[in-house]
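Report on the following structure.
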Amino acid sequence: MDGELLDVKQVQAYLKVSERTVFNLISRGELKGFKAGRSWRFRITDVQDYENSQRLKAEGGTGEMRTIEHKEEEPAA
């Protein structure tokens, strides 16, 4: 399975993002891929590496999910 290749549509489905987002990730260098003719291809391991990097970012690198505290605003006087 390590050598499995995905196309853009499969990456979209895997990451649950839009086609535009996939191309933005490529252009920013966040997702590794290569052109095969006129089509993009991605190794499943590279897509999983991207997914894991995003998970670590969301977890703050600690292995625990970060929570955002909601601060209620004081009513205007």
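The values are calculated or read from the model by the stated rules, or taken from the named source; none is laboratory data. Computed from a predicted model, the values in this text were never measured in an experiment. Note that each Cβ is placed from the backbone with ideal geometry, even for glycine, and that neighbours are counted across all protein chains shown.
Looking only at the stretch 17-33, which residues are part of a loop (DSSP other than H, G, I, E, B) and under 9 Å from the mean Cα position of the chain (by Cα)?
At the first step, the residues of the stretch 17-33 found to be part of a loop (DSSP other than H, G, I, E, B) are 17-18, 28-33.
17, 30, 31 - these are the residues of the stretch 17-33 that are part of a loop (DSSP other than H, G, I, E, B) and under 9 Å from the mean Cα position of the chain (by Cα).
From the list 48, 54, pick out the single residue that is at pLDDT 95 or above and assigned to a helix (DSSP H, G or I). Write out each step before concluding.
Numbers: 54 fails: at pLDDT 95 or above.
Exactly one residue qualifies, and that residue is 48.
Scan the stretch 1-12 residue by residue and report those that are assigned to a helix (DSSP H, G or I) and out of contact with any strand residue (DSSP E or B) (no Cβ under 9 Å at 6 or more places or on another chain). Outline the logic, then answer.
Taking the stretch 1-12 first, the residues assigned to a helix (DSSP H, G or I) are 8-12.
Across the stretch 1-12, the qualifying residues are 9, 12.
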